[in-house]
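What follows is a set of notes on a single structure, which appears directly below.
The values are calculated or read from the model by the stated rules, or taken from the named source; none is laboratory data. Treat the numbers as computed from the prediction; the structure is a model and nothing was measured. When we count neighbours, we look across all protein chains shown, and the Cβ atoms used for this are built from the backbone with ideal geometry, even at glycine. Side chains included, ligands, DNA and RNA excluded: accessible areas come from the protein's heavy atoms. Shrake-Rupley method; radii C 1.70, N 1.55, O 1.52, S 1.80 Å.
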Amino acid sequence: MAEGLMQKKIQDNGLNAVVDSCGFESFHLGDNPDYRAVKIMKRNGIDISSHTMRLFRQQDFDHFDHILVMDQTHFRNVMRYARTDADRQKVDFIMNATDYGSNAIVPDPYYGDESDFELTYDLLDRATDAIARKLKTRK
């Protein structure tokens, strides 16, 4: 959901940026998004149905300026791959975009219902708006 939202905001604002998403659970490798996420995103004019999951890799530190995580487990997993202080400085919680320093998590909606996916959408929509505004000022 975060990648789809950020890609839309990059496009809408004419930003020169690249966004990608990934995970750590190899059993989801190549999976499409949860049907509830696809439904919520489509309702908001964004099609993520063709996205497929890929695994985080150490080279992501070489290809991206920022690595944003959703929760504490992702933060720890990413930090285990960090080689240098420069790598570690790229890592932050996505919700710090709206509430700096809070390290607030994005709740995983998977075991909930559609309303949990709506909440996730709303949180990520606000965070990606803030990120897009920040990128736009650097333009």
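Observations on the structure shown:
Residue-by-condition table, conditions (1) without any contact (Cβ under 8 Å) to a residue 12 or more places away in the chain; (2) under 21 Å from D12 (Cα atoms):
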residue	(1), (2)
M70	no, no
F75	no, no
V91	no, no
A97	no, yes
P109	no, no
Y121	no, yes
I131	no, yes
T137	yes, yes
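- Residue that is farthest from R57 (Cα to Cα) [pool: residues in the stretch 21-37 that are within 16 Å of the chain's Cα centre (by Cα) and surrounded by 13 or more Cβ atoms within 10 Å (Cβ to Cβ)]: A37
- Residue match in the stretch 69-76 (condition: modelled with pLDDT of 95 or more, surrounded by fewer than 16 Cβ atoms within 10 Å (Cβ to Cβ) and part of a loop (DSSP other than H, G, I, E, B)): no
- Hey, T52 within 20 Å of H28 (Cα to Cα), in contact (Cβ under 8 Å) with a residue 60 or more places away in the chain and of a type in the set (V, I, T) or not: no
- From the list A127, A82, A97, the lone residue that is at pLDDT 95 or above and surrounded by fewer than 18 Cβ atoms within 10 Å (Cβ to Cβ) is A82.
- Single condition N103 does not satisfy, out of (1) open to solvent by less than 80 Å² (accessible area, probe 1.4 Å); (2) in contact with a Gly (Cβ under 9 Å, 6 or more places away or on another chain): (2)
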